[in-house]
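Peer 1: I'd like to ask some things about the structure below.
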Amino acid sequence: MSLTALFKQKTVFSLEVFPPKKTSPTEAILPTLEQLQEIHPDFISVTLGAGGTDHCDGTVAIADLIQNQLHIPAVAHVPGLYQTKQQVLELLDRLASINVNDVLALRGDHIPGKEPVGDFNHADELVAFIKQQRPNFSIASACYPNCHTEAVDFVDDIGHLKHKVDAGVDHLITQLFFDNQAFYDFKEKTEIAGINVPIEAGIMPCTNRNQIARITQISGVPLPKKFRAIMDRYQDNKAAMRDAGIAFAVDQIIDLVSQGVDGIHLYTMNHAKIAKTIWQETHSVLEAAQ
Ligand code: FAD
């Protein structure tokens, strides 16, 4: 079933993983993927380039494992900033050859000191290119409930988002957020702008202090008072911080699902155990929402 059809049928539950470091073999991720398989995600997406490398072999190899060995639909991330049109076409053809026809089209993050190629300066250009060159691909894209850090303001960001969706986006996945109200306000803005594609809420379980500091620095996402209180109290106690981070994510998911969200996209950070715990605590809620 296509992802577009899936969103019409149910509250989608998807996961995100990243390729292991270049020094590790791709298969190093297999035990993690096998554990994630047990929680029956609707799809698993694989990042490309997040964290500074623009090498696509790991992403393709992992998408292949997910799609053809574990028989779970795979979505490959395709950032455009450091790829030529020809390279994007080659990547899409490699994906098609392993039966992966779903991509998450992104601009990508700037790598300090590295000049962008110039073929795709924003994600809308990449979306339009894929739509035109490979119309059989389904295209997801990113959006930002707390506004993208480079946008002048929300009006500017939503205007660009509308343009991107109109270029051919089938569904959106949000940047992580910790305040559900920010998501609901954002959803209202998208509806007013006439953005009608399904929007999955990106949830990242933040279970240790260093991770939280890094994530909030990279994404610019604000930490609500409620989460800061948890950090202040438990950040030096690993087990308590882990439990509190999981509980916070579970709480967010239950609230979102009960408010009729189109889907939940869990940023697993390749921590299968944490993803499994969250699924155990929320799957009955997700199923009851169908
Ligand atoms: P865009 O849609 O291009 O938006 C970026 C900024 O430019 C926004 O401020 C927007 O308002 C503005 N803008 C958009 N279009 C225009 C236009 N035509 N003219 C002027 N301004 C415009 N990065 C990776 O490198 N690899 C990954 O695998 C990856 N996975 C991600 C997965 C998700 C779910 C999310 C939310 C992000 C991911 N990222 C990844 C990070 C992403 O690349 C960054 O957030 C990046 O800064 C923006 O990407 P975008 O596709 O949203 O860009």
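Peer 1: Please go through segment 1-37 and pick out each residue that is modelled with pLDDT under 95, among the polar types (S, T, N, Q) and part of a loop (DSSP other than H, G, I, E, B).
Peer 2: Ser2, Thr23, Ser24 - these are the residues of segment 1-37 that are modelled with pLDDT under 95, among the polar types (S, T, N, Q) and part of a loop (DSSP other than H, G, I, E, B).
Peer 1: Next up: Would you pick out the residues in segment 143-162 that are small (Gly, Ala, Ser) and touching a helix residue (DSSP H, G or I) at 6+ places or on another chain (Cβ under 9 Å)?
Peer 2: Answer for segment 143-162, where residues must be small (Gly, Ala, Ser) and touching a helix residue (DSSP H, G or I) at 6+ places or on another chain (Cβ under 9 Å): just Ala151.
Peer 1: Another question, if that's okay. What is the number of the single condition among (1) more than 23 Å from Thr282 (Cα to Cα); (2) at pLDDT below 95; (3) aliphatic (A, V, I, L, M) that Ile212 does not meet?
Peer 2: Tallying (1) more than 23 Å from Thr282 (Cα to Cα); (2) at pLDDT below 95; (3) aliphatic (A, V, I, L, M), Ile212 fails exactly one: (1).
Peer 1: Among the numbered conditions (1) over 29 Å from Asp255 (Cβ atoms); (2) near the ligand (Cβ under 10 Å from one of its atoms); (3) under 21 Å from the mean Cα position of the chain (by Cα), tell me where Val152 comes up short.
Peer 2: It is condition (3) that Val152 fails.
Peer 1: Here is a follow-up. Just to verify a result, which residue in segment 65-103, among those that are in contact with a helix residue (DSSP H, G or I) (Cβ under 9 Å, 6 or more places away or on another chain) and among the charged types (D, E, K, R), is nearest to the ligand (Cβ to nearest atom)?
Peer 2: Here the residue is Asp102.
Peer 1: So for segment 18-25 (the condition being more than 18 Å from Ile139 (Cβ to Cβ) and among the aromatic types (Phe, Trp, Tyr)), does at least one residue qualify?
Peer 2: Yes: one or more hits.
Peer 1: Considering only segment 38-49, state which residues are more than 19 Å from Asn101 (Cβ to Cβ) and modelled with pLDDT of 95 or more.
Peer 2: Those that are more than 19 Å from Asn101 (Cβ to Cβ) and modelled with pLDDT of 95 or more: Glu38, Ile39, His40.
Peer 1: Which condition from (1) within 10 Å of the ligand (Cβ to nearest atom); (2) over 27 Å from Val197 (Cα atoms); (3) of a type outside the set (Val, Ile, Thr) is the one that Gly108 breaks?
Peer 2: Result: Gly108 passes all but (2).
Peer 1: I'm trying to understand the selection: among the residues of segment 38-73, which are in a helix (DSSP H, G or I), surrounded by fewer than 17 Cβ atoms within 10 Å (Cβ to Cβ) and out of contact with any Ser or Thr (no Cβ under 9 Å at 6 or more places or on another chain)?
Peer 2: Residues satisfying the conditions are Asn68, Gln69.
Peer 1: While we're looking at this one, here's another question. Can you pull out every residue in segment 158-193 that is part of a helix (DSSP H, G or I), near the ligand (Cβ under 9 Å from one of its atoms) and either crowded, with 19+ Cβ neighbours inside 10 Å or hydrophobic (A, V, I, L, M, F, W, C) (or both)?
Peer 2: Residues satisfying the conditions are Ile158, Leu161, Lys164.
Peer 1: While we're here: Filtering segment 16-37 down to residues that are surrounded by fewer than 21 Cβ atoms within 10 Å (Cβ to Cβ) and among the acidic types (Asp, Glu), which residue is nearest to the ligand (Cβ to nearest atom)?
Peer 2: Checked segment 16-37; the qualifying residue nearest to the ligand (Cβ to nearest atom) is Glu27.
The values are calculated or read from the model by the stated rules, or taken from the named source; none is laboratory data. Predicted, not measured: the structure shown is a model, and the values here were computed from it. We place every Cβ from the backbone using ideal geometry, glycine too, and count neighbours over all the protein chains shown.
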